[in-house]
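For reference, the structure discussed in these notes is given below.
The values are calculated or read from the model by the stated rules, or taken from the named source; none is laboratory data. On a predicted model such as this, the values are computed, not experimentally measured, just so you know. Methodologically, a virtual Cβ is constructed for each residue, glycine included, from the backbone with ideal geometry; neighbour enumeration extends over all protein chains shown.
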Amino acid sequence: MKGVILAGGLATRLRPLTWVTNKHLLPVYNKPMIYYPLEAIAQAGIKEVLLVSSADHAGDFANLLKNGDDFGLRLYYAIQKNPTGGIADGLSLAEEFVRGKKILAVLGDNIFSFNLKKIANTFKSKKNGAVVFGVEMDTKSRQYGVVEIGKSGKVLSIEEKPEFPRSKIAQTGIYMYDERVFDFIKKLKPSARGQLEVTDLNNSYLREGTLECEIINWWIDAGTSHSELLRANNMVAEKVRKGEL
């Protein structure tokens, strides 16, 4: 299994903080934001990771992270030419790197402490499918994809920022995919905002009945706003103080 971290985009919602740097290099308490997904992937037992970023700041990531030795990883880099192409577009750059293996993909601005190792080991033994990770929270803000799960635990639907959410489970930026993910991406069409949407990708697995959802305890998308970035700093500081992180 290989890891992919998506750290591109323009981060217009965090300006002026992101006029001269990538949002994933901003601090969250005592570490750069990008450290959190790197550490989560390393904790899951994965050794090779591709970091996808834009051309403007790829050198900054390389200067900070180098070859990944500090995390016990072998780190590679890819450039997403269209920074607004969407998550699925960025993920498509990993096809040659993955070479038929399963993937753990994490968005570079996702902050969480859930240990993914057990689920990753279970997923590696499965023939095919995908796993999304959800967290219970207020989904009425229309900021998140929403996952609807039936009584049996089966995923019934995933909607991107719905006006009337069907559940209180927000889709996080943590995904596991089998090697067919690139075939599904090639069949996607851009959404109304011109992106290849990860929700559309996940619905490809949902339609064939191979999509699962795991619930984690807490999660913050630190890159969505100044308020969420502040909340991430405060929450991480508190968890470090309590010895929970």
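Quick look at the values:
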quantity: Residue within the stretch 11-25 that is on the phi > 0 side of the Ramachandran plot, touching a residue at least 24 places away in the same chain (Cβ under 8 Å) and in contact with a Lys or Arg (Cβ under 7 Å, 6 or more places away or on another chain) present; calculated: yes
quantity: Subset of the stretch 88-101 [in contact with a Leu (Cβ under 6 Å, 6 or more places away or on another chain) and either without any contact (Cβ under 8 Å) to a residue 60 or more places away in the chain or of a type in the set (A, V, I, L, M) (or both)]; calculated: A88, A94
quantity: Hey, A88 buried (at least 18 other Cβ atoms within 10 Å of the Cβ), out of contact with any helix residue (DSSP H, G or I) (no Cβ under 9 Å at 6 or more places or on another chain), at pLDDT below 95 and closer than 24 Å to F182 by Cα or not; calculated: no
quantity: Near pairs, Cβ below 8 angstrom, 6+ apart or cross-chain, from the stretch 183-199 (within 16 Å of P83 (Cβ to Cβ)) to any residue that is β-branched (V, I, T) and part of a helix (DSSP H, G or I); calculated: Q195/I87; L196/I87; L196/I185; E197/I87; V198/I87
quantity: Residue list for the stretch 120-170, restricted to those being of a type in the set (G, A, S) and on the phi > 0 side of the Ramachandran plot; calculated: G129, G153
quantity: Which numbered condition I46 fails, given (1) aliphatic (A, V, I, L, M); (2) at pLDDT 95 or above; (3) closer than 25 Å to S227 by Cα; (4) part of a loop (DSSP other than H, G, I, E, B); calculated: (3)
quantity: The stretch 64-80 residues that are on the phi > 0 side of the Ramachandran plot, paired with ones that are outside any helix (DSSP H, G or I) (beta carbon under 6 Å, 6 or more apart); calculated: G68/R74; G68/L75
